[in-house]
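**Student:** Dumping the structure here so I can ask a few things about it.
The values are calculated or read from the model by the stated rules, or taken from the named source; none is laboratory data. Being a predicted model, the structure only gives us computed values, none of them experimental. Neighbour counts are summed over all protein chains in view; Cβ atoms, including those assigned to glycine, are modelled from backbone coordinates with ideal geometry.
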């Protein structure tokens, strides 16, 4: 009798164990599938982000290269001519420099020694039909006649979409960053970029910051081969300027939306942002640890710029992740769990029905 009473209890236990086994297996398969889908989707999103970020970085590098190419074209124009008049400079700069829409102005900055200053100012006054002098900024930000010194580097020729915005005759050698860049390009023979710079009141009507590319011009047809020869042969500099309102020509054509783009100066122990293009929901982070803590994606690519150790940091915004993350893994999880519950109910019902049938058969026999 005891054995017969224990039989239903054993069947009920088997019924629950079978149902539980189906539930565990179903839930496990669902979680595994959900995790696989989520991991796969994350990998695909990261791969897509890398491809898009590389395009962004490539466009930035291309914009910089165009800025440099315009400066190199002006260098070659001077080095291939015995003399360059103001009109010749204007025509050439209009064609080869300002044709790059992000360059705001082009300048010819001759080297003027102390004993050449008077003649230089008289010549400038003559062809301008108005007083011209070499000037500098005083402590109050006013233009005053440049102090007596061995050498000057005044803005002489100027081509700009807004020529009245610029001041001519200003000695660019009085600006420490520009002077350091002039010395670097003079010794290297190659142009270099500096910025962003606050150069007001040199620009009268266009407030803001500017990127500047400076290139050396030598007074001999064959490029000097040594530093000593370059210092001796330096004749002046050409300079092209871009406004950071269009990041010196570094923005405007970036196809990757919903990302933050930073240009970072990594030459210092504590890197700093040179310029940034941010989205409305930007978290304002660009360092790898900060980006990781925010759960965003990061792409870093070095920029090829002489004298500068700059890199592009492209960081995804929360909106980028929302745009590129689907609901498939979550839907798969919900459907899988619901399917597991249905299957558990079905197994529970089938095992119970089989138990009842078995009991009835025994009762009749």
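**Student:** Which pairs turn up if I take residues in segment 252-265 that are at positive phi and look for partners that are surrounded by 13 or more Cβ atoms within 10 Å (Cβ to Cβ) and modelled with pLDDT of 85 or more with beta carbon separation below 8 Å, at least 6 apart in sequence or on another chain?
**Tutor:** Pairs that qualify, where the first residue is at positive phi and the partner is surrounded by 13 or more Cβ atoms within 10 Å (Cβ to Cβ) and modelled with pLDDT of 85 or more, are 258/316.
**Student:** Oh, and also: I need the full set of residues from segment 277-307 which are part of a strand (DSSP E or B), surrounded by fewer than 17 Cβ atoms within 10 Å (Cβ to Cβ) and at pLDDT below 85, in order please.
**Tutor:** none
**Student:** Does residue 236 satisfy the criteria of being modelled with pLDDT under 85, crowded, with 18+ Cβ neighbours inside 10 Å, touching a strand residue (DSSP E or B) at 6+ places or on another chain (Cβ under 7 Å) and part of a strand (DSSP E or B)?
**Tutor:** no
**Student:** Which of the residues belonging to segment 123-140 are more than 36 Å from the chain's Cα centre (by Cα) and farther than 14 Å from residue 170 by Cβ?
**Tutor:** Listed by number, the residues that qualify are 123, 125, 126, 127, 128, 129, 130, 131.
**Student:** Is it the case that segment 44-59 has a residue that's over 24 Å from residue 258 (Cα atoms), surrounded by 13 or more Cβ atoms within 10 Å (Cβ to Cβ), in contact with a strand residue (DSSP E or B) (Cβ under 9 Å, 6 or more places away or on another chain) and at pLDDT below 85?
**Tutor:** no
**Student:** How many residues are touching a strand residue (DSSP E or B) at 6+ places or on another chain (Cβ under 7 Å) and either over 30 Å from residue 67 (Cα atoms) or without any contact (Cβ under 8 Å) to a residue 24 or more places away in the chain (or both) when one looks only at segment 303-332?
**Tutor:** Qualifying residue count, segment 303-332: 1.
**Student:** Which of the residues belonging to segment 312-330 are outside any strand (DSSP E or B) and surrounded by 14 or more Cβ atoms within 10 Å (Cβ to Cβ)?
**Tutor:** 317, 318, 319, 320, 321, 324, 325, 329
**Student:** Hey, another quick one. Would you check if there is a residue in segment 73-88 being closer than 26 Å to residue 231 by Cβ, part of a strand (DSSP E or B), touching a strand residue (DSSP E or B) at 6+ places or on another chain (Cβ under 8 Å) and at pLDDT 85 or above?
**Tutor:** Looking through segment 73-88, none of the residues is closer than 26 Å to residue 231 by Cβ, part of a strand (DSSP E or B), touching a strand residue (DSSP E or B) at 6+ places or on another chain (Cβ under 8 Å) and at pLDDT 85 or above.
**Student:** With the requirement that a residue be at pLDDT below 90 and not in a helix (DSSP H, G or I), what does segment 108-134 give you?
**Tutor:** Across segment 108-134, the qualifying residues are 129, 130, 131, 132.
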